[in-house]
Amino acid sequence: ALCSPYCLIEIEYARLLGKRVIPINQMVIFKVEERDLSETDQLVLRNFYFSHGISDPQIKTNQQVLERSLNIIGRTDWLDGKEILSDEACNKLAAWANSYENHWHRHEDPSYLQNLELPQFGESLDSLGSVIERLFLVFNRHQKYVKQHTVLLNQALSWSRNHRSPRDLLVGKEREESERWLLLDFKDGEQPPCIPPLLLCEFISESKRNALNLFSDVFICHSSQDIAWTHQISAALFRQAITIWQREKDVQGGMSAIGAIQNGIIQANTILFLVSSASIHEMQCLQELQFAANYDKRIIPVFCEKVNVDDLPDVLKNMQLIDFYGNSIKATGQLLATLAKDHDYFYKYTVFLAAALKWQGQNKNQGLLLRGFNLENAELWLTQGQQRIDYKPIALHHSFI
C-alpha cells in the first residue's frame, strides 16, 4: 500500500480534505528495490495533482511513492498490527495480490471479496482482536468533532461546486454551531483528530459574513505582486472565522470595480495594508489607503518584505506595524490580538458609517434615520467613542446619529 500510486492518491486527497487518517502498521518499510512506475500510473498522478491544485512532486518510481506516502502519514503513532514477512512470503503475497490489483485500484464492485479466500502470509505478531480493540478506542475519541467535520465538509464542497452560491451558506443556529466548532480550543497539548481544510474555514467565515449583511472584519489592501502573502494571511484569518472582503470574489461581472472596492472598504472593520516595495508605490493601493483614511478607518500596516520606513506613505508612518516578513507565526498572533481588541466598537463604527453614507446619499432621507433601541445603542456608542484617543466617531457619525 505504501508503494501504490493509487493508495497515495487516496491519502493525498484525505489530507487535502483534512480527514482523520489512522495508519495501521502491518509492516512498515522505508526502502524498496527501486523501479519506474508505468506511464499510465505517472499520468494518473500528474492529473490528480494538477486537478487539485497541488504542486506536482514529479513521482516516477515506487521508492518516490513510498517516501511521499510516509511523509503524508508520518512515521510515528501507528496502530500496530505487525507481521513477520520473509522475502519469500512477500513475493508470494505480491504474486497473489497482483491478480486483484486492478479491482482494488479502480474501486470496481467489491462483491468479489465476499467469496475470496484470504491466505495467511508470514506470522502475525499482534492479534487481530488487539488491533480492533485499539482501533475502536481511536474511533470513539473526539467522535462528535470528527462527525461534524464530515458534515460541514460535505456542505462546503457542495457550496464550492455550486459556484459559491449564497443559497448554500449556513444560516441560523447551524451557522453559529459551525463557528463554535471551528474555534474549539484543544488544550494541554492535545491535538485535534482532523484539521479543517481552508475551503471549510472559508465556508464558515463566508456564512458568518453573509449573516452580517456582507460586513467584513478585514479588507486587505495589497499589490498584485503580493498575492501569495495575501493568500497566506487570509488563510490564517479564515481559520479563526474572521471575515474578509476578497477582491477576486466580491468584484463580480458588470460591477464598477472602483465602486465595489470602496464599498468593501466602507463595510470592513479594519484595513490591512500589506507593505511591500510594490504596494507603497502602486497608485491603486495608495488610493485605497487614502480612501480608508478619509473615513478614519482602523488601518494596520503589515510588512511582507523589508521596506525603508522613510518610504512609507504618510498615513502609515506613525502607526504600529506588524512584521510578517520577520516572523509570520508571531505576527499572526499579534494580528489576531489586534483584530480582537475593541471588536464591538469597530463593528458599530462600520455599521453606523455605512448607514450614514446611505442616508447622506439619499438626500438625508428621514426614513433611514435610527429610532428606538437602535438610536439608544448608537447614542451610547457615540458617547463612548468620544472618550477614545484614536478612531473617534467622525463628523458624519455625529450628523447622522
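The values are calculated or read from the model by the stated rules, or taken from the named source; none is laboratory data. The shown structure was predicted, so the numbers you read here are calculated from the model rather than taken from an experiment. So basically every Cβ, Gly included, is an ideal-geometry build from the backbone, and we count neighbours across all protein chains shown. Areas reflect the complete protein model, heavy atoms only, side chains present, ligands, DNA and RNA absent. Shrake-Rupley method; radii C 1.70, N 1.55, O 1.52, S 1.80 Å.
Worth pointing out:
- Relative to the Cα centre, the charge distribution of the chain, modelled as +1 at Lys and Arg Cβ and -1 at Asp and Glu Cβ, gives a dipole magnitude of about 1580 debye.
- Local electrostatic count, Y145, Cβ distance below 15 Å [Lys/Arg +1, Asp/Glu -1]: +3
- Folded to 0 to 90 degrees: helix 87-98 orientation relative to the chain principal axis, Cα: 70
- Database remark: amide H of V275 closer than 5 angstrom to the amide H of V302, F303, C304 (H placed geometrically; neighbours at sequence offset of 5 or more, or on other chains; Pro and chain starts carry no H).
- Of the trypsin sites (Lys or Arg not before Pro) found in region 181-290, those that fall in a DSSP loop while having at most 14 other beta-carbon atoms within 10 Å are K187.
- Selection from L8, T350, F203 lying farthest towards where the dipole of the chain points positive, charges on Cβ: T350
- Charge dipole of the chain about the Cα centre (unit charges at C-beta), most positive-ward option of T383, L237, I322: T383
- Based on protein heavy atoms only, region 162-303 ends up with 46 Å² per residue of surface accessible to a 1.4 Å probe.
- Charge dipole of region 1-88 (Cα centre as origin; +1 on each Lys and Arg Cβ, -1 on each Asp and Glu Cβ, all else neutral): 440 debye, rounded to the nearest 20.
- Under 11 Å, Cβ to Cβ, from I299 - net charge with Lys/Arg +1 and Asp/Glu -1: -1
- Once the C-beta distance of A337 and Q63 is scaled by a Förster radius of 45 Å, the resulting FRET efficiency is 0.45 to the nearest 0.05.
- Listed residues L169, S223, S127: farthest to the positive end of the dipole of the chain (Cβ charges): L169
- Scanning residues 5 or more positions from A268 or on other chains, those with amide H under 5 Å from its amide H are S216, with H placed 1.01 Å from N in the peptide plane.
- For E83, nonlocal amide neighbours, meaning residues 5 or more places apart or on other chains whose placed amide H falls under 5 Å from its own, are L125.
- Degrees, to the nearest 10: 343-361 long Cα axis against longest axis of the chain: 60
- Taking the protein heavy atoms of region 123-184 in the context of the full set of protein chains, the accessible area attributed to carbon and sulfur is 54 percent at 1.4 Å.
- 10 °C / 1.306 mPa s Stokes-Einstein diffusion coefficient of region 120-271, Kirkwood radius on C-alpha pairs, µm²/s: 88
- Nearest-ten-degree value, helix 257-266 long axis tilted from longest Cα axis of the chain: 80
- Listed candidates (i) 18.9; (ii) 20.0; (iii) 26.4 - label of the one calculated as mean projected area of the Cα convex hull in nm²: (iii)
- Residues E248, E117, E12, E133 ordered from highest to lowest accessible area at a 1.4 Å probe: E117, E133, E248, E12.
- Take the Cα of N162, step 7 Å toward its Cβ, do the same at Q240, and the gap between the two points is 3.1 nm.
- For region 205-215, the Karplus equation 6.51 cos²θ - 1.76 cosθ + 1.60, evaluated at θ = phi - 60°, returns couplings of 5, 5, 4, 5, 4, 5, 5, 9, 6, 6, 6 Hz by residue, with Gly and Pro reported as x.
- Calculated from backbone phi, Karplus (6.51, -1.76, 1.60) coupling profile of region 321-326 in Hz, x at Gly/Pro: 9, 10, 9, 6, 5, x
- Residues of region 316-401: accessible area per residue with a 1.4 Å probe, Å²: 62
- Apolar share of the accessible surface for region 4-105: 51 percent from carbon plus sulfur atoms, 1.4 Å probe.
- FRET efficiency for the E117 to K249 pair, using the beta carbon distance and R₀ = 45 Å, is estimated at 0.25.
- If R0 is 51 Å, the Cβ-Cβ spacing of C7 and N374 corresponds to a FRET efficiency of close to 0.30.
- Region 272-345: C-alpha gyration tensor shape, a/c 1.5 cut-off, then a/b vs b/c: oblate
- Cα-projected label distance for F139 with S86, points at 7 Å along beta-carbon direction, nm: 3.6
- Within the straight-line cut-off of under 13 Å between alpha carbons, the aspartates and glutamates reachable from K392 are D296, D342, sequence neighbours fewer than 8 places apart in one chain being disregarded.
- Solvent-accessible area of region 249-401 (1.4 angstrom probe, protein heavy atoms only): carbon and sulfur portion equals 50 percent.
- Backbone HN-Hα couplings from phi across region 170-176 [Karplus 6.51/-1.76/1.60, Hz, Gly and Pro as x]: 6, 9, x, 4, 4, 5, 5
- Simple spin-label estimate for L286 and D311 in nanometres, 7 Å along Cα-Cβ: 1.3
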